[in-house]
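The values are calculated or read from the model by the stated rules, or taken from the named source; none is laboratory data. Being a predicted model, the structure only gives us computed values, none of them experimental. Quick reminder, even Gly has a Cβ in these numbers, built from the backbone with ideal geometry, and neighbours come from all protein chains shown. Quick note on the areas: whole protein, heavy atoms, side chains included, nothing else; ligands and nucleic acids left out. Shrake-Rupley method; radii C 1.70, N 1.55, O 1.52, S 1.80 Å.
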Amino acid sequence: MRDVSSVFNPGAIRWRGVDYLLLRVQTRGRKTVLMVAESDDGERFTVRPSVIEIDGLDSVSETIYHIYDPRLTALGEHVFVVFAADVEGACRLGIARTQDFERFELVSFDDAGDTRNGVLFPEKIDGRYARLERPNRVALDSGVTTGSEIVLSMSDNLIAWTPVAPVMAGRWHYWDELIGSGPPPIKTHAGWLHIYHGVATHLVGANIYQAGAVLLDLHDPTKVVARTENNILEPRELYEHVGQVPNVVFPSGLIVDAFDDEGFAKPNATARLYYGAADTVVGMATTTVDELIRACLED
Ligand code: BMA
């Protein structure tokens, strides 16, 4: 890949003993492609040289300008990639799947609506696939559409998705006015642990992207059990303040290193959060599952 100017907002997953990132890679032509990086320790990654192709994506009838911000979920025998796709005047959600991070095939492409930040739950809920997404209902002066509500959608087949109910809304005047899902939720005994991004828009001259966390009811994820009052990660380092888009930490991948036999994350498990910094580089923040849960409950 030549002339790369930024690498950010990666999906992340541990799959068959390897830590993978699916990187959003941008050229100096502001073209966006996805590339795979892999690691034995979650810290030092080797980027594979080729850009990934998604079999079947060329059969979509709309012109797709960019695919970006992939979120990775292991479910059954596949890793599913939920990605955003910019088409004329809107953003769609597509789902692809892979088993080996070499070959990717398109599972579905929503060709209606305008929505972003789609994340698939790692197991079915009441026998149906579940995903969170963030409809774009707020138009910014720049022409970009965004949103302040995360909703739950369900599907029998990963193809047709029906919105079920709102899950959470932005809190105007505070850190998370506009919001969107970060990495896919992690199952814990305290609920679905979910990291999201919030944008403060009320400060003159800058939109500040931060990360917060929420616990959703295990059986009914439209119910919020607890939510951090404050952000848990905000731009503080120079590489988070300065870049293509300043003042951005954008959480997109989470690797938790220990689960029990029923798929619950162990409280003392290490959680590595991968995030885009200033839409230019990838950062990683380390914590534990228990610390994230406490941040939700204590605030
Ligand atoms: C959001 C998305 C992200 C991006 C962020 C900050 O709306 O477009 O891909 O990282 O803005 O620019």
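The one condition from (1) open to solvent by 30 Å² or more (accessible area, probe 1.4 Å); (2) within 16 Å of the ligand (Cβ to nearest atom); (3) within 16 Å of the chain's Cα centre (by Cα) that I64 does not meet is (3). Counting only residues that are within 16 Å of the ligand (Cβ to nearest atom), among the small types (G, A, S) and assigned to a strand (DSSP E or B), the stretch 202-216 holds 2 of them. Could you check the stretch 73-101 and list, in sequence order, the residues that are within 16 Å of the ligand (Cβ to nearest atom), crowded, with 20+ Cβ neighbours inside 10 Å and among the aliphatic types (A, V, I, L, M)? Correct list: V81, V82, A84, A85, L93. Suppose we keep only residues that are open to solvent by less than 60 Å² (accessible area, probe 1.4 Å) and touching an Asp or Glu at 6+ places or on another chain (Cβ under 7 Å) within the stretch 20-37. Which one would you say is farthest from the ligand (Cβ to nearest atom)? My answer is Y20. Inspect all residues belonging to the stretch 246-261 and state whether any of them is open to solvent by less than 50 Å² (accessible area, probe 1.4 Å), modelled with pLDDT of 95 or more and in contact with a Ser or Thr (Cβ under 6 Å, 6 or more places away or on another chain). No, every residue in the stretch 246-261 fails to be open to solvent by less than 50 Å² (accessible area, probe 1.4 Å), modelled with pLDDT of 95 or more and in contact with a Ser or Thr (Cβ under 6 Å, 6 or more places away or on another chain).
If you go through the stretch 179-201 and keep only what is within 16 Å of the ligand (Cβ to nearest atom) and open to solvent by 10 Å² or more (accessible area, probe 1.4 Å), you end up with just T201. Restricting the stretch 217-271 to residues that are hydroxyl-bearing (S, T, Y) and in contact with a Gly (Cβ under 8 Å, 6 or more places away or on another chain), which is farthest from the ligand (Cβ to nearest atom)? Of everything passing the filter in the stretch 217-271, T228 is farthest from the ligand (Cβ to nearest atom).
Looking only at residues of the stretch 1-16 that are over 23 Å from F121 (Cβ atoms) and free of Cβ contacts under 8 Å to residues at least 40 places away in the same chain, we find that the one that is nearest to the ligand (Cβ to nearest atom) is V4. Residues in the stretch 102-141 that are part of a strand (DSSP E or B), open to solvent by less than 20 Å² (accessible area, probe 1.4 Å) and away from the ligand (no atom under 16 Å from the Cβ): 6 in all. Just so you know, in the stretch 177-201 the residues that are within 20 Å of the chain's Cα centre (by Cα) and not in a strand (DSSP E or B) include one that is nearest to R294 (Cα to Cα), and it is P185. Checking each residue in the stretch 267-283 for being within 19 Å of the chain's Cα centre (by Cα) and surrounded by 17 or more Cβ atoms within 10 Å (Cβ to Cβ) picks out A271, R272, L273, Y274, Y275, G276, A277, A278, D279, T280, V282, G283.
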